[in-house]
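> If you scroll down you'll find the structure; I have some questions about it.
Laboratory data are not the source of any read-out in this text; all were calculated from the coordinates shown. Small disclaimer: the values here were computed from a predicted structure and weren't measured. When we count neighbours, we look across all protein chains shown, and the Cβ atoms used for this are built from the backbone with ideal geometry, even at glycine.
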Amino acid sequence: MGNLRVALVAGEASGDILGAGLMRALKAQHPAVEFIGVGGPLMQAEGLTSYFPMERLSVMGLVEVLGRLRELLARRKKLIATLIDEKPDVFIGIDAPDFTLNIELKLRQAGIKTVHYVSPSVWAWRQKRVLKIREGCDLMLTLLPFEARFYEENGVPVRFVGHTLADTIPLEADRKDARQALGLSDGPLVALMPGSRGGEVSRLGGLFFDAAERLRAMRPDVRFVLPCASAQRREQLEALLAGRDLPVTLLDGRSHQALAACDAVLIASGTATLEALLYKRPMVVAYRLAPLTFWILKRMVKSPYISLPNLLAQRLLVPELLQDDATADALANTLAPLIDGGQEQTRGFDEIHRTLRRDASNQAADAVLTLIGAKP
């Protein structure tokens, strides 16, 4: 079996979590393995020597990226040269497609086997990018089954490994425990999740609070919990709440506890909808974009749905209220019956949870070792 050298590059915290899980599983299946590349504290704790701090790659937003583009390109060029010298048995790019797909292409041209872990998101599936992936990667590991079907149709070798969140979130989360942990009493509770980015919160925050006021007019006993993604979001939301008489508990992070504690969720379309699904909480998905962005996306996106629960169910399982349809009244009226109901949604969620629960890290490790012929 011999010694294996595995190179990995992760660009942000979510990738660091996936990378660490994969490294743990690789060590369990093939103990003689060393790791090189770029990762965060969790990957380093599993034994990765990181060539430079992962934080240098975590740039959000175009303006910041442009300011750092020269540094990023220089780092990438140097990283590619170093990895070609080190000749790892396999290179694994974890998410961060704008940075890693290019590395995969160059390494594969140099004869190194390459894997991409986490498919780029749906609207990024421009045909051009699929061609780049087909050219640059020996194997795509997807977290979701509909992504795997897409790659199969486009001739990219793929393995659906399942989602690590589906492994870690229990099939039945205890509502009472979560409420106690958050100091919330009994009674109908709705989680408000207007997104983690400033732009999302400015487009949806006020709308969600308007909807909450309408909901209270219908159900005077309803209360709200809102996990804030960061201190900046908290300030932004406190400003939007000022002058309103709404029983909202703002939390710092703790979105998983908020989901476990609530009866229903009003949520922005995005990855948090997958977490709400795994916690089996009935939801209404809302989204508003800048009008021009919405117009462009409508022309680019081939799917009839935008939210992950519906993409996973391949049917309209959760209501999606987009753009001009996302009014305070519509949101409140759609949400009200879900506070005590929503069983059809939760049955669908349970089925999807079981599909995604596949011990993802071990599946991914198995796929990587099979690709390089290192299965014991």
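> Which of rounded, prolate, oblate describes segment 296-376, given a ≥ b ≥ c as roots of the alpha-carbon gyration tensor eigenvalues and a/c under 1.5 marking rounded, otherwise prolate only if a/b is larger than b/c?
Details: a/c = 4.29, a/b = 1.91, b/c = 2.25.
Oblate, since a/c reaches 1.5 and b/c is not below a/b.
> Would segment 140-209 count as rounded, prolate or oblate if I go by the C-alpha gyration tensor, calling it rounded below 1.5 in a/c and otherwise prolate when a/b exceeds b/c, oblate otherwise? Intermediate results must be reported in sequence, preceding the final value.
Details: a/c = 3.97, a/b = 1.64, b/c = 2.42.
Oblate, because a/c is 1.5 or more while a/b does not exceed b/c.
> Pop the C-beta distance of Asp350 and Arg149 into the FRET formula with R0 = 22 Å and round what comes out to the nearest 0.05. Please report the intermediate quantities before stating the final value.
Values: r = 22 Å, r/R0 = 0.99.
Taking R0 as 22 Å, the efficiency between Asp350 and Arg149 is 0.50.
> What net charge do the residues around Gly19 carry, taking every other residue with its C-beta under 14 Å from that of Gly19, with Lys and Arg at +1 and Asp and Glu at -1?
Details: positive: Arg24, Lys27; negative: Glu12, Asp16, Glu46, Asp95.
Charge balance near Gly19 sits at -2.
> With θ set to phi - 60°, apply the Karplus curve 6.51 cos²θ - 1.76 cosθ + 1.60 along segment 228-237 and write out the HN-Hα couplings as whole Hz, x wherever there is a Gly or Pro.
8, 5, 7, 4, 5, 4, 4, 4, 4, 6
> For Asp177 and Thr327 in one chain, what is 0.36 nm times their gap in residues minus the Cα-Cα distance, to one decimal in nm? Please list the in-between numbers first.
Details: separation 150, 0.36 × 150 = 54.00 nm, distance 3.35 nm.
Working it through step by step, the gained length comes to 50.7 nm.
> Here is a further query. GluC sites (Glu not before Pro) within segment 123-174: which are DSSP loop residues with at most 15 other Cβ atoms inside 10 Å? Each step should come with its number before you reach the end.
On the way: sites: Glu135, Glu147, Glu152, Glu153, Glu172; in loops: Glu172.
Answer by residue number: Glu172.
> Pull out a ≥ b ≥ c, the square roots of the eigenvalues of the alpha-carbon gyration tensor of segment 164-271, then state rounded if a/c is under 1.5, prolate if not and a/b is larger than b/c, and oblate in the remaining case.
Details: a/c = 1.78, a/b = 1.20, b/c = 1.49.
Taking the square roots of the gyration eigenvalues as a ≥ b ≥ c, segment 164-271 is oblate.
> In the chain, if the dipole is taken from +1 on Lys/Arg beta carbons and -1 on Asp/Glu beta carbons about the Cα centre, which of Thr249, Ala211, Val130 is farthest to the positive end?
Comparing the listed Cα positions along the dipole, Val130 ranks first.
> Using label points projected 7 Å from each Cα along Cα→Cβ, tell me how many nm separate Glu55 and Ala242, to one decimal.
3.1
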